[in-house]
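Structure first, commentary second.
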Amino acid sequence: MKILIVGAGSTGGYFGARLTQAGRDVTFLVRPARAAALREGGLQVLSPRGNFSVTPKLVLASEIDKPFDIVLVTVKAFGLPAAIDDFAAAVGPETMILPVLNGMKHVDDLQARFGPERVVGGVCRVSTTLDAQGRIVHLAPLHELVYGELDGHSTARIEALHAFMSDAGFDASLSSHIAQDLWNKWILLATLGGICTLARGNIGEIVATDGGVEFVRAFLAEATAVATAAGFAPSPPALDFILSVLSAPGSPMTSSMYRDLVAGDRVEADQILGDLRARARRAGVATPLVSAAFIQLDVYQRRRPAA
């Protein structure tokens with residue numbers, strides 16, 4: 001099988017480098033500036049599991065002339081429309097599109113463009129960043145990629161995908177409930193992003209305040225209510241786990257959305273909080289905290305200079 005990885009940033013670059021190291025047929029879809037840097041220095045990974053580098057196979061959007069078996073989409077959610085145009089030529093009748101974006105709106109957008117049958121569900125759990133030299137820095141040992149058919153069925157193509165991803169230097173899991181996995185991650189990320197941006201602090205700082213834990217619980221309850229109305233209520237153990245992560249005393253955890261906010265960068269407000277609020281409104285679910293977080297991030301976005 002041949003895989004096209006859309007972007008060679010911290011997430012796509014990490015999993016793509018692992019797959020390349022394992023001997024898989026991997027091509028990275030990149031922009032000209034990133035292509036020049038990678039051709040000069042290779043794709044370098046600094047990881048607690050061992051540093052390594054690979055020589056990546058690269059392609060520009062204008063150079064795609066055939067479909068791929070798998071298209072792994074790892075861009076930020078707000079970059080998806082442009083990415084779709086870039087990789088459209090790589091999608092053929094048998095192509096599987098595997099996105100690992102946050103929220104659920106990307107699934108709707110990809111299905112609308114390419115058809116529901118092209119899209120499979122994916123969740124990645126990895127903490128990575130790019131350093132000033134363009135190297136991928138793997139910040140913690142966790143590196144997991146989970147995928148499955150959105151309807152939960154077992155198919156020949158998803159089994160083939162699982163075989164391709166297995167034994168490639170990271171934890172690969174085939175899920176029969178990937179839609180629920182996606183909602184569970186969305187609940188966690190929306191709550192984490194919302195509380196950090198509203199309180200302007202990390203988890204430890206929030207729960208140390210008078211009423212901090214109650215604030216976390218209230219935000220989580222809103223996100224959970226939206227998921228429940230959509231038919232994806234998290235199980236009690238899953239909810240307990242999410243709450244334990246989001247209310248751990250002394251935790252330095254923050255969301256990428258909060259870190260982007262502090263850095264003055266663009267944030268995934270529309271995709272993580274705005275879409276959650278829109279679904280809540282359609283379902284008649286009250287979400288005042290989600291709304292407050294989205295509104296203040298929307299004000300921030302509108303103040304940013306146009307890119």
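Exactly one residue among THR224, THR287 is surrounded by 18 or more Cβ atoms within 10 Å (Cβ to Cβ), modelled with pLDDT of 95 or more, closer than 26 Å to ASP109 by Cα and over 22 Å from the mean Cα position of the chain (by Cα), and that residue is THR287.
Does at least one position in the stretch 80-91 carry a residue that is touching a Phe, Trp or Tyr at 6+ places or on another chain (Cβ under 7 Å) and not assigned by TED's automatic domain parsing to the domain that holds THR191? So far as the stretch 80-91 goes, yes, one or more of its residues are touching a Phe, Trp or Tyr at 6+ places or on another chain (Cβ under 7 Å) and not assigned by TED's automatic domain parsing to the domain that holds THR191.
Here is a yes/no grid of residues against (1) charged (D, E, K, R); (2) in contact with a helix residue (DSSP H, G or I) (Cβ under 8 Å, 6 or more places away or on another chain):
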site	(1), (2)
ASP167	yes, no
SER173	no, no
HIS177	no, no
TRP183	no, yes
LEU189	no, yes
GLY194	no, yes
ASP210	yes, no
VAL216	no, yes
PHE219	no, yes
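Within the stretch 170-183, the presence of at least one residue that is out of contact with any strand residue (DSSP E or B) (no Cβ under 7 Å at 6 or more places or on another chain) and crowded, with 19+ Cβ neighbours inside 10 Å is confirmed. Cβ separations smaller than 9 Å between residues 6+ apart or across chains give the following pairs from the stretch 3-20 residues that are under 15 Å from MET165 (Cα atoms) and free of Cβ contacts under 8 Å to residues at least 40 places away in the same chain to residues that are among the aliphatic types (A, V, I, L, M) and buried (at least 23 other Cβ atoms within 10 Å of the Cβ): THR20/VAL26; THR20/LEU43. Considering (1) at positive phi; (2) in contact with a Gly (Cβ under 9 Å, 6 or more places away or on another chain), the lone condition that LEU101 does not fulfil carries the number (1). The set of residues in the stretch 2-50 being at pLDDT below 95, in a loop (DSSP other than H, G, I, E, B) and out of contact with any Lys or Arg (no Cβ under 7 Å at 6 or more places or on another chain) consists of GLY7, GLY9, VAL30, ARG31, GLY42, SER47, PRO48, ARG49, GLY50. In the set (1) at pLDDT 95 or above; (2) within 13 Å of the chain's Cα centre (by Cα); (3) surrounded by 20 or more Cβ atoms within 10 Å (Cβ to Cβ), LEU192 fails one condition alone, (2). Pairs are defined by a Cβ separation below 7 Å, a sequence spacing of at least 6 or placement on different chains, a first member in the stretch 101-117 that is more than 14 Å from VAL71 (Cα to Cα), and a second member that is part of a loop (DSSP other than H, G, I, E, B); the pairs so defined are ASN102/GLU268.
So that you can scan it fast, the table gives a plain yes or no per residue for (1) among the small types (Gly, Ala, Ser); (2) touching a helix residue (DSSP H, G or I) at 6+ places or on another chain (Cβ under 8 Å); (3) surrounded by 15 or more Cβ atoms within 10 Å (Cβ to Cβ):
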| position | (1), (2), (3) |
| --- | --- |
| ALA8 | yes, yes, yes |
| GLN21 | no, no, yes |
| ALA35 | yes, no, yes |
| LEU38 | no, no, yes |
| LEU58 | no, yes, yes |
| ALA82 | yes, no, no |
| GLY92 | yes, no, no |
| LEU98 | no, yes, yes |
| GLY103 | yes, yes, yes |
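Does LEU130 meet the test of being touching a Cys at 6+ places or on another chain (Cβ under 6 Å), under 30 Å from PHE52 (Cα atoms), in contact (Cβ under 8 Å) with a residue 12 or more places away in the chain and in the same structural domain as LEU72 (by TED's automatic domain parsing)?
For LEU130, the condition - touching a Cys at 6+ places or on another chain (Cβ under 6 Å), under 30 Å from PHE52 (Cα atoms), in contact (Cβ under 8 Å) with a residue 12 or more places away in the chain and in the same structural domain as LEU72 (by TED's automatic domain parsing) - is not met.
Can you work out which of the residues in the stretch 114-160 that are surrounded by 13 or more Cβ atoms within 10 Å (Cβ to Cβ) and small (Gly, Ala, Ser) is modelled with the lowest pLDDT? Filtering first and then ranking leaves SER127.
The values are calculated or read from the model by the stated rules, or taken from the named source; none is laboratory data. All values reported here derive from a predicted model rather than from experimental measurement. Every residue, glycine as well, gets a Cβ built from its backbone with ideal geometry; the counts of neighbours run over all protein chains shown.
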